[in-house]
Amino acid sequence: MATVQVSEAEKVYILHGIRDDLRVDGRGCEDYRHMEIETDVVSNTDGSAKVTLGHTAVLVGVKAEIGKPRPMLPDEGFLEFFVDCSANATPEFEGRGGEELGTELSNTLYKVFNNKHSIDLKSLSILRGEHCWVLYVDVLLLQCDGNLYDAISVAIKAALFSTKIPKVHISSDEEGSKEIELSDDPFDCIRLRVDHVPCIVTVCKVGHRHVVDATLPEKACSVASVLMAVTQTGAVTCVRKVGGGSLEPESVMEMTETGKRVGKALHAPLMELLQQEEKLGKSRQKVGFLG
């Protein structure tokens, strides 16, 4: 994970500000930085999104391919995750510096998103036990300024929202063998329901209080963090502690309640924004370096 060096004087300044619910950039303890979301930014994918959260930038692409279902779940498709930590994001990722972080992020994303509670995996089935859709979700970290998990989860939800999977037509020949034909019509496709797809909320313990969407200097002052995957109803589907410090039971309960409250409030404006952007169609303005 990218880190910064913070002097003792800076730590005191950050801690005192958070204690008074006034962070260095003027936010309250439960406020996110300015977020920009853009979908359909990569042409050779079935769905994509770019999210900028402060100075953290993430690009996600989703590619749908026909594969073989897993033996234990013959009537379901599945998702595969790969995270690439670009050396442009931070010098610490040069060479093989980002491999460990990429593996850690991929494993966490798999636990959060690849389950029947987040996505209707049965809708990805084509022929029970023989063929299914496999969604390959590739994540590229472009810039790193803290709170990677939250930014990635929002980008994945936006990319899945924009994903269009071709409809499959199954025909049988005289011998009874089945053939699969994909529709050539770009409008003849299926869309994924992302209503229950969670967003990750990272709550960092800083001093005697806790904050969401921590910047790198605030992260340097944090003893430990709690990651929570929260749905639009406020249900928590995954919890994980990050950091070497310890947390008291009272702090964990407070941080959990904060994460549930912030995560639940995040979904409604996100879905509204995605639906508004989709209605604009090709008339929407392209922004950023992908414009």
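One residue stands out in the range 194-208 among those that are over 14 Å from the mean Cα position of the chain (by Cα) and aliphatic (A, V, I, L, M): the one that is nearest to PRO269 (Cα to Cα), namely VAL203.
A search for C-beta distances below 9 Å between a residue of the range 66-94 that is within 24 Å of SER153 (Cα to Cα) and any residue that is open to solvent by 70 Å² or more (accessible area, probe 1.4 Å) and at pLDDT below 75, counting only pairs 6+ apart in sequence or on different chains, returns CYS85/GLU92; ALA87/GLU94; ALA87/GLY95; THR90/THR3; GLU92/MET1; GLU92/THR3. The number of residues in the range 117-170 being open to solvent by 20 Å² or more (accessible area, probe 1.4 Å), touching a Ser or Thr at 6+ places or on another chain (Cβ under 7 Å) and within 10 Å of VAL60 (Cα to Cα) comes to 1.
If you filter the range 14-55 down to residues that are farther than 26 Å from VAL223 by Cβ and among the small types (Gly, Ala, Ser), you find that the one that is most open to solvent (accessible area, probe 1.4 Å) is SER43. The condition (being loosely packed, with under 15 Cβ neighbours inside 10 Å and under 18 Å from LYS111 (Cβ atoms)) is satisfied by just one residue among VAL201, VAL239: VAL239. Among the residues of the range 35-63, those identified as within 20 Å of GLN275 (Cα to Cα), among the hydroxyl-bearing types (Ser, Thr, Tyr) and part of a strand (DSSP E or B) are THR39, SER48, THR52. Out of the residues in the range 1-33 meeting the condition of being of a type outside the set (Asp, Glu), touching a Gly at 6+ places or on another chain (Cβ under 7 Å) and part of a loop (DSSP other than H, G, I, E, B), tell me which one is nearest to PRO269 (Cα to Cα). Per the criteria, the residue is ARG33. Inside the range 204-236, can you point out the residues that are open to solvent by 50 Å² or more (accessible area, probe 1.4 Å) and of a type in the set (Lys, Arg)? Selection gives ARG209, LYS219.
Quick check on the range 171-193: of everything there that is closer than 30 Å to ALA268 by Cβ and in contact (Cβ under 8 Å) with a residue 24 or more places away in the chain, which residue is most open to solvent (accessible area, probe 1.4 Å)? Checking each candidate, the answer is ARG193.
The values are calculated or read from the model by the stated rules, or taken from the named source; none is laboratory data. Bear in mind the structure is a predicted one, so any value in this text is a computation, not a measurement. No Cβ is skipped: glycine too gets one built from the backbone with ideal geometry, and neighbour counts run over all protein chains shown. Accessible surface areas use protein heavy atoms only, side chains included; no ligands, DNA or RNA. Shrake-Rupley method; radii C 1.70, N 1.55, O 1.52, S 1.80 Å.
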